[in-house]
1. Just a yes or no: is a residue in the range 375-385 over 17 Å from the mean Cα position of the chain (by Cα), among the basic types (Lys, Arg) and outside any loop (DSSP other than H, G, I, E, B)?
2. Return yes or no: is LEU310 within 16 Å of the chain's Cα centre (by Cα) and among the hydrophobic types (A, V, I, L, M, F, W, C)?
3. Find the residue count for the range 89-101, including only residues that are in a helix (DSSP H, G or I) and surrounded by fewer than 19 Cβ atoms within 10 Å (Cβ to Cβ).
4. Of the residues LEU248, LEU254, LEU229, only one is out of contact with any helix residue (DSSP H, G or I) (no Cβ under 7 Å at 6 or more places or on another chain), open to solvent by 50 Å² or more (accessible area, probe 1.4 Å) and part of a strand (DSSP E or B); which?
5. Which members of the range 33-62 meet the condition of being in contact (Cβ under 8 Å) with a residue 40 or more places away in the chain and farther than 30 Å from GLU358 by Cβ?
6. Regarding ILE260, is this residue more than 25 Å from GLY391 (Cβ to Cβ) and assigned to a strand (DSSP E or B)?
7. Find the residue count for the range 3-12, including only residues that are open to solvent by 10 Å² or more (accessible area, probe 1.4 Å) and out of contact with any Pro (no Cβ under 6 Å at 6 or more places or on another chain).
Amino acid sequence: MNVLILGSGGREHAFAIKLLESKKINQLFVAPGNAGTDKIAKSININPTDFKAIKEIVLEKEIKMVVVGPEAPLVEGVHDFFLADDELKNIPVIGPKKDGALLEGSKNFSKQFMQKHGVPTARYASFTKEKLQDGFAFLETLVPPFVLKADGLAAGKGVLILNSLEEAKSELEEMVSNLKFGEASATVVIEEFLKGIELSVFVLTDGKNYKILPSAKDYKRIGEGDAGLNTGGMGAISPVPFADEAFLNKVEELVVKPTIAGLQKDGIDYRGFIFIGLMNDNGNPFVVEYNVRMGDPETEVVLPRINSDLFELFEGVAHQNLNEKSFSVTDKTATTVMLVSGGYPEAYEKNKEITGFESVDESIVFHAGTTLKDGKVVTSGGRVMAVTSFGDTIEEALEKSYRSIDKIHFDKINYRKDIGFDLV
């Protein structure tokens, strides 16, 4: 069977490697892909939100399944586009339709959904510029820090955590009145700050049945000790040591089951991944956010730990018999460290030649922001590569990743040397 993955990052390279383990896959295509996917699959230079171009490729290459990596095509309705087209409607899309994608596409919808279905989360309220004074009044009822979230997609930049009430009021006005994050912040969700340790749990569902994938924790800040600006993610660990069986049982009972049941009650036929961002507050899970796809770089530690045939699991999603598919995970710990361009997450230069990665032999190198230029692999994004290793402990896996990183070179390379610092 021919399969198409939409996306271009480390997550999509991880999907490609895992799917190619299946004997059922004939040809694998990635759109647009990167220099890493180009080595093992066929990269096609089209935008994942260009649905007409995707249709042409799907028909031309006789694609029989589409796996959606990033959130934008899902929020814009790629699954709905397939179902509405007579030539495409029988081709499974792994990822929710537009109604399900609202769990990530609208923070307000997501919070209403949690409240409606009894999923534990922080106290919140939503405001527009017409309700600005009400927003100021609500902020005054909260204890700092204050959490402001743009309702729509803002490329991972739409969440502010502020310690000053005056600054929170000023930023709220900037977001709703001056559209600091574009139309995404025309509505802003203000919520109570949750204390605890963050982690992520990933669920694959066919709309009725589900599999809970390994837990993971990522590191968003650019600087060591979790200092500096937020990024798309500087590294990740799986499993999370404090997410023991008792805690994960609570997550399943209090979060996963009501989420899946809530989607069914609301008539949302959800087929794909649900990324559940959680706060562990003294052993109790609270949902920080839902995403409707796998996280990056969490995918680079979660997928390698899965022993099962990922394509068969996706067939289970498509045919709603996921419960019949075998699923197992290795006990080994996986760690990933992200190599980023100098200057990221602010301005950075591209087209820096990358060398040494092909000599890495004790880690998996996932390409993210890479491309081929004149036969050389060069940087094309802020997050360039994720270096993933296995070990019996976090320390052992990290030592391997850092040894591997010593072999990789590009101008102004940057990475955090303390991934997992709070877990060991």
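The values are calculated or read from the model by the stated rules, or taken from the named source; none is laboratory data. All of these numbers come straight from a predicted model, not from anything done at the bench. No Cβ is skipped: glycine too gets one built from the backbone with ideal geometry, and neighbour counts run over all protein chains shown. For the accessible areas, the whole protein counts, side chains as well, though only heavy atoms, and no ligand, DNA or RNA atoms are used. Shrake-Rupley method; radii C 1.70, N 1.55, O 1.52, S 1.80 Å.
1. Yes, the conditions are met somewhere in the range 375-385.
2. Working: within 16 Å of the chain's Cα centre (by Cα): no; among the hydrophobic types (A, V, I, L, M, F, W, C): yes.
No; evaluated as a whole, the condition is false for this residue.
3. Qualifying residue count, the range 89-101: 2.
4. Criteria check complete, one pass: LEU229.
5. Residues satisfying the conditions are ILE54, VAL58, GLU62.
6. no
7. 2
Every residue, every condition in (1) in contact with an Asp or Glu (Cβ under 7 Å, 6 or more places away or on another chain); (2) open to solvent by 20 Å² or more (accessible area, probe 1.4 Å); (3) not charged (D, E, K, R), yes or no:
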| residue | (1), (2), (3) |
| --- | --- |
| PRO145 | no, yes, yes |
| GLY158 | no, no, yes |
| GLU166 | no, yes, no |
| VAL176 | no, no, yes |
